[in-house]
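Okay, so here's the structure we're looking at.
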Amino acid sequence: MKLDVISILDLEADLEDVIASSMRLKAGALRDAFPLKGKTLAMIFEKSSTRTRVSFEAGMAQLGGHALNLSPKELQLGRGETIADTAKVLSRYVDCIMYRAFDHGMMRDLAKNATVPVINALDDLEHPCQVVADLMTILERKRRFQGIRLAYVGDGNNVCNSLMLGASLVGMDFVSAHPEGYGPDKKLRAKAAALAKKSGCESSQVVDPIEAVKGADVIYTDTWVSMGMEEEAEERLRAFQPYQVNAALVRKAKRGRIVMHCLPAHRGQEITDEVMDGPDSVVFDQAENRMHTEKAILLRAIR
Ligand code: CP
Ligand code: NVA
């Protein structure tokens, strides 16, 4: 069976193994081994990317493989060829497809029709690869997940959805704070709550950002206006003003706290310069860890 990563839940059985493998890769494992020699990854980006694009492409090169960057404008996809036909054709040429999509339905359609593994590089529902790197970063800093409390402050978006599920999978307490109507996906919330029960941790939502960060070991935020939501920008910037991760908010969390952001940051909006460049920030470790975790995900997918 092919090993797709469409949701972080697809890694349920081996999330901790993938993180352990990422750590070994970071420490230099397989440096001169090139296990993906002769393998090709097709990368389809419907939206902009710095970290995902470069970490996957450089990661493939380091493992001895090759990555092709394809935009819908260059593909016949942009002229109306279906995602299903694109999936069937690409599967005849490459060993894995990575896709950054506007629509989760298109992501599912690609995965259903591809005979090679498909990796979700972000869609409107989830960003699983980001969360593997985030969990690795938390483990590096905190050495454990049990008893750790993560407070996500801001928009209940793709990153928040995957993080909420990922926290429940590894047994870490999760609370998110957002204005009414901007919480994480309802179905995924129920899924996270059920998984949390199984793992013996908590997963909840609140409105008050101060309530969320009190007692938190990790504070996490992301943009208030995700790609594809630009039309709602004005209303969102207004709604999220009380949710800025600034020094006053961060001080309410535990000593030894870390502050995380998947990046790109909108400095002065969801996070201040003072916090992003301050001693609690691990945002650039997170960005680096994208590379190590993408490599571990590729090694799991391409056999
Ligand atoms: N965090 C993240 O996915 O960044 P990019 O949009 O730059 O890939
Ligand atoms: N939530 C953001 C993440 C960017 C990496 C977006 O979807 O634009």
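Here, each number is a calculation from the coordinates, and none is a lab measurement. Predicted model, so just to flag it, every value in this text is computed and none were measured. When we count neighbours, we look across all protein chains shown, and the Cβ atoms used for this are built from the backbone with ideal geometry, even at glycine.
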- [ ] Residue by residue through region 128-164, note down the ones that are out of contact with any Ser or Thr (no Cβ under 8 Å at 6 or more places or on another chain), within 20 Å of Ala196 (Cα to Cα) and of a type in the set (Val, Ile, Thr).
- [x] Ile138, Ile148, Val159
Open item on the list: Exactly one condition in (1) within 16 Å of ligand 2 (Cβ to nearest atom); (2) of a type outside the set (Lys, Arg); (3) farther than 18 Å from Val282 by Cβ is false for Ser168; which is it?
Closed with: (1)
Task: Checking Ala287 against (1) of a type in the set (Gly, Ala, Ser); (2) closer than 23 Å to Val132 by Cβ; (3) more than 16 Å from ligand 1 (Cβ to nearest atom), the condition it does not meet - done: (3)
TODO: Give, as residue ranges, the strands (runs of 3 or more DSSP E) completely inside region 63-172 that count at least 2 residues that are buried (at least 24 other Cβ atoms within 10 Å of the Cβ).
DONE: 96-100, 118-120, 149-153
TODO: Select, from Ala248, Ala296, Ala301, Ala190, the only residue that is away from ligand 1 (no atom under 16 Å from the Cβ), loosely packed, with under 14 Cβ neighbours inside 10 Å and closer than 19 Å to Pro128 by Cβ.
DONE: Ala190
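A quick yes/no check of all residues on (1) farther than 28 Å from Ile19 by Cβ; (2) among the hydroxyl-bearing types (Ser, Thr, Tyr):
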position: Met60; (1), (2): no, no
position: Leu70; (1), (2): yes, no
position: Thr82; (1), (2): yes, yes
position: Asp85; (1), (2): yes, no
position: His104; (1), (2): no, no
position: Val118; (1), (2): no, no
position: Ala133; (1), (2): no, no
position: Lys142; (1), (2): no, no
Open item on the list: Would you confirm, using the coordinates I've provided, whether Ile297 is under 22 Å from Ile119 (Cβ atoms) and either among the basic types (Lys, Arg) or more than 15 Å from ligand 2 (Cβ to nearest atom) (or both)?
Closed with: yes
